[in-house]
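The structure appears right after this line, and notes come after that.
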Amino acid sequence: MIEFDRITTRGGDRGESSLYDGQRRRKDDLVFDTLGDMDELFSYLGVVRASGIPDPWKKRLEEVQQDLLVLGGVIAMPSGVPEGRRLITRQDVERLEKWEKELMDQMELTGGFVTPGKTLPAAHTHVARTLARRLERRLVTNIRERGQAALIPGQNYVNRLSDLLYVMALRWEEGEQASLL
């Protein structure tokens, strides 16, 4: 295991870094690209939470961030996830679907392309949506090229998350943040 007792270790100065199990890999390895995309989405969801969205949605997005930490743990263990470690499940995906349905029941979707920028929370949410799509593509690459089937539930989760973020952004573009309960 890696000891996390200090920030600067100089271990990456030669272009390598360690995975959760201590395995060393090049910093441009697919696993680190994927972890970087996950981290960027995780961090940007913090921007969405801080952008003036209603408290119930701040809490929900914090739950999503916790789920992304779980997914990050699976990504960081490409040789296999230890027994008993929490994984993303079908129930996690269904939770996102439930939240999306709640929003969709409150609005009428219209066809056509959306140009982000009508409200700040919507614009931030659209950026988070695009980051989720990029992470999903990277997960698919890990699944197909590296045979990491343990990432399939996480890929499903991120797919659903990007759908949810899209619907949230549409709703917030209508300027109806207060009705997002």
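The values are calculated or read from the model by the stated rules, or taken from the named source; none is laboratory data. Nothing here was measured: the structure is a model prediction, and the numbers come from that model. Please note: Cβ atoms are built from the backbone with ideal geometry, for glycine as well, and neighbour counts cover all protein chains shown.
What are the pairs with Cβ atoms under 8 angstrom where one residue, in the stretch 106-119, is of a type in the set (Val, Ile, Thr) and part of a loop (DSSP other than H, G, I, E, B) and the other, located anywhere, is surrounded by 13 or more Cβ atoms within 10 Å (Cβ to Cβ) and at pLDDT 70 or above? Sequence gap at least six, or different chains. Correct list of pairs: Val114/His126; Val114/Ala169; Val114/Leu170; Val114/Glu173; Thr119/Trp172; Thr119/Glu173. State all residues of the stretch 57-84 that are outside any helix (DSSP H, G or I) and either closer than 22 Å to Arg138 by Cα or at pLDDT 95 or above (or both); if no residue qualifies, say none. Selection gives Ala76, Met77, Pro78, Ser79, Gly80, Val81.
When restricted to residues that are of a type in the set (Phe, Trp, Tyr) and in contact with a strand residue (DSSP E or B) (Cβ under 8 Å, 6 or more places away or on another chain), the stretch 28-62 contains 1.
For Lys98, the criteria (1) in contact with a helix residue (DSSP H, G or I) (Cβ under 8 Å, 6 or more places away or on another chain); (2) part of a helix (DSSP H, G or I) hold in every case but one, which is (1). Comparison of Gln177, Gln91 shows that the only residue that is at pLDDT below 95 and either surrounded by fewer than 19 Cβ atoms within 10 Å (Cβ to Cβ) or more than 12 Å from the chain's Cα centre (by Cα) (or both) is Gln177. As a summary of the residue check, Lys101 satisfies the conditions (1) in contact with a Lys or Arg (Cβ under 7 Å, 6 or more places away or on another chain); (2) surrounded by fewer than 18 Cβ atoms within 10 Å (Cβ to Cβ); (3) over 20 Å from Leu135 (Cα atoms) except for the one numbered (1). Restricting the stretch 120-166 to residues that are basic (Lys, Arg) and in contact (Cβ under 8 Å) with a residue 12 or more places away in the chain, the residue that is farthest from Glu63 (Cα to Cα) is Arg146.
Scanning the stretch 124-163 for residues that are modelled with pLDDT under 95 and small (Gly, Ala, Ser), we see that the one that is surrounded by the most Cβ atoms within 10 Å (Cβ to Cβ) is Ala150.
Scan the stretch 36-56 for residues that are surrounded by 15 or more Cβ atoms within 10 Å (Cβ to Cβ), more than 13 Å from the chain's Cα centre (by Cα) and either free of Cβ contacts under 8 Å to residues at least 60 places away in the same chain or not in a loop (DSSP other than H, G, I, E, B) (or both) and jot them down. Matches in the stretch 36-56: Arg49 only. Kindly establish whether Asp33 is in contact with a Lys or Arg (Cβ under 8 Å, 6 or more places away or on another chain), in contact (Cβ under 8 Å) with a residue 40 or more places away in the chain and either of a type in the set (D, E, K, R) or part of a strand (DSSP E or B) (or both). Criteria met by Asp33.
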